[in-house]
Amino acid sequence: MPGLIEKLLTHNYDVNPSAPFLNTPRGEYCYAAIRHRSLIWSSLFQQQNIKEQDVIAFVISDPAEFIAAFFGAIRIGAIVLPLDPLIPGVELQKICTQLKPKMVLTEGPVPPLDGVGSVRVLKTGELPASTEGGRYGSLKEYRCLDERREALYLLTSGTTGSPKCIVYTYERMMNAARLSSKAYGMTTEDLVFNAAPLFHSAGIMPTLAAVESGAQSLCMAKFLPKTFLAMISRHRPSIVKAPAFMYQIVLKMPRPPACDLGSVRRWYSGSSKLTPDDKEGLLNKYGIRVREMYATTETSLLAVEQGDGAFIPHLAGIPVESVKVRIESDGRVAVNSPGAGKGYFICDRRNSFTVFDPWLFTGDVGYMDKQNRLFITGRADGQINVAGKKVSTEEVKLVLAEHPSVCEAEVIGIDDDVSGMGLVAFVVLHHSETAAGLREFMKHRISDYKIPKHIILCKSLPRGKLNKVSIHHLKKLFLQVGQPRASSAETVAEGSTA
């Protein structure tokens, strides 16, 4: 197959096998090392009877192993489904039931997957370090793969709480990498620090973009603010891309005494918006000017802020090459990009598939100015962006409703200094229970970042004339009870009628 897949798997290795490819806390890997490891993975997958278009779920935190296994799966035509390494067993079983992976690739133990068919569980530690004589077995020639076949599944939460799976074909994945590489201005001379997890679109797509350009990637398995700054000082990347909440945490912590950030020529922020105060603080404290970028899981990169001018509220950037943007009469943002996914596989009772239009509504509202700059002013639905991860308030409500002591619950988003947005749950009980008990109940059913930071126990929920819960009055109620800490959110509040 001509194009990016060939370049990913062959070109950079053939041109300079010893060139640096991937830098992680565990060590540095050249193209030859990753290629060798990926060939071992390809051979092992085939030995496990993995065929074209079989789904492999990746539950891997180690960046080097993730990338090697990713290339190994791509080579034989399998579909990669990256998952959060901290995913609860209940969610993993639900996803396996709906998307039916042939294999779960993991670093640690996996709970029993009841009723999900003949899914195999393979631990990365079981992979041999090398193969005898460099023989990898009879591998399928990847150039024969159809670019229109599916290659990558990325999960995102829908507004109804039912997870959506965005399907990327080889062609669309290649296009997304090319567009990102060009928009970020990556070259073979760059070391690109992508401080986002590889299971997320904000991690895997920029990493593929770096490979497409022949740049070196710097990755971290887990974000820690001091580690973030220390890695920049030690490895001296030229391009840094990180979620907004990471910059916000770094801004609040004391500046390390030995903090050399002079190697970075461009800083990018995504997933949520930095405030003008955040940007001003970063400039004053660290001397860095962060540029906004706008991307979604469905579409990959859409727009990037250009230049180092004054801070402009709501600016998302200029649409990248080949991306078309349309603003509807109600302000909704629609996009058409060759790097967008093929469509949604909606994981519900029907397990339906929806092909993108090709125009796709991002769920945001905004406008374009005469300079072709895109501005995003808010969300058009009920999703909350928590530390760069989208959370459906409806999904959290449904989990709370499963608790036997819960009579009624409502969940809203509020501004949060650390994560940008935080979740607040207002709960009416008909049996005695504590906020800590509710939190423990939720911990075994949804991911930690979906658990509300504040849980407020109420005698009733404020309602309007049509008996709908008043979100406006819930926000006022939250302010009245003094914004309780997450660890002691036991306040009992009296509901009111709007």
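The values are calculated or read from the model by the stated rules, or taken from the named source; none is laboratory data. Every value quoted in this text rests on a predicted model; they were computed, and no experiment measured them. Ideal geometry is used to build each Cβ from the backbone, glycine not excepted, and the neighbour counts take in all protein chains shown.
Can you confirm whether region 438-449 contains a residue that is of a type outside the set (S, T, N, Q), modelled with pLDDT under 85 and not in a helix (DSSP H, G or I)? Scanning region 438-449, I find no residue that is of a type outside the set (S, T, N, Q), modelled with pLDDT under 85 and not in a helix (DSSP H, G or I), so the answer is no. Selection within region 179-202: residues that are in a helix (DSSP H, G or I) and either modelled with pLDDT of 90 or more or among the hydroxyl-bearing types (Ser, Thr, Tyr) (or both). The member of this set that is surrounded by the fewest Cβ atoms within 10 Å (Cβ to Cβ) is Lys182. Tyr153 falls short on exactly one of the conditions (1) at pLDDT 90 or above; (2) part of a loop (DSSP other than H, G, I, E, B); (3) among the hydroxyl-bearing types (Ser, Thr, Tyr), and that condition is (2). For Ala68, the requirement of being touching a Ser or Thr at 6+ places or on another chain (Cβ under 9 Å), assigned to a helix (DSSP H, G or I) and buried (at least 24 other Cβ atoms within 10 Å of the Cβ) is met. Filtering region 132-146 for residues that are at pLDDT 85 or above and crowded, with 19+ Cβ neighbours inside 10 Å leaves an empty set. Within region 266-311, the residues that satisfy the criterion of being without any contact (Cβ under 8 Å) to a residue 40 or more places away in the chain, of a type in the set (A, V, I, L, M) and over 30 Å from Gly343 (Cα atoms) are Leu282, Leu283, Ile288, Ala310.
Restricting Lys252, Lys241 to those that are of a type in the set (D, E, K, R) and either crowded, with 19+ Cβ neighbours inside 10 Å or closer than 17 Å to Ser181 by Cα (or both) reduces the list to Lys241. Check region 315-331 and report whether any residue there is in a loop (DSSP other than H, G, I, E, B), hydrophobic (A, V, I, L, M, F, W, C) and at negative phi. Checking region 315-331: at least one residue is in a loop (DSSP other than H, G, I, E, B), hydrophobic (A, V, I, L, M, F, W, C) and at negative phi. So Gly378 clears everything in (1) surrounded by fewer than 20 Cβ atoms within 10 Å (Cβ to Cβ); (2) modelled with pLDDT of 75 or more; (3) small (Gly, Ala, Ser) except one condition, right? Which one? Among (1) surrounded by fewer than 20 Cβ atoms within 10 Å (Cβ to Cβ); (2) modelled with pLDDT of 75 or more; (3) small (Gly, Ala, Ser), the lone unmet condition for Gly378 is (2). Inspect all residues belonging to region 55-62 and state whether any of them is at pLDDT 80 or above, within 13 Å of Val211 (Cα to Cα) and polar (S, T, N, Q). Scanning region 55-62, I find no residue that is at pLDDT 80 or above, within 13 Å of Val211 (Cα to Cα) and polar (S, T, N, Q), so the answer is no. All of (1) at pLDDT below 85; (2) crowded, with 17+ Cβ neighbours inside 10 Å; (3) part of a loop (DSSP other than H, G, I, E, B) hold for Val418 with one exception: (2). It is to be established whether one or more residues within region 31-40 are in contact with a Lys or Arg (Cβ under 9 Å, 6 or more places away or on another chain), crowded, with 19+ Cβ neighbours inside 10 Å, under 25 Å from Lys222 (Cα atoms) and modelled with pLDDT of 85 or more. Looking through region 31-40, at least one residue is in contact with a Lys or Arg (Cβ under 9 Å, 6 or more places away or on another chain), crowded, with 19+ Cβ neighbours inside 10 Å, under 25 Å from Lys222 (Cα atoms) and modelled with pLDDT of 85 or more.
Rundown of residues vs (1) farther than 21 Å from Ala195 by Cα; (2) buried (at least 20 other Cβ atoms within 10 Å of the Cβ); (3) of a type in the set (A, V, I, L, M, F, W, C); (4) over 24 Å from the mean Cα position of the chain (by Cα), yes/no style:
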{"position": "Ser269", "(1), (2), (3), (4)": "no, yes, no, no"}
{"position": "Thr296", "(1), (2), (3), (4)": "no, yes, no, no"}
{"position": "Gly307", "(1), (2), (3), (4)": "yes, no, no, yes"}
{"position": "Pro338", "(1), (2), (3), (4)": "yes, no, no, no"}
{"position": "Leu360", "(1), (2), (3), (4)": "yes, no, yes, no"}
{"position": "Tyr367", "(1), (2), (3), (4)": "yes, no, no, yes"}
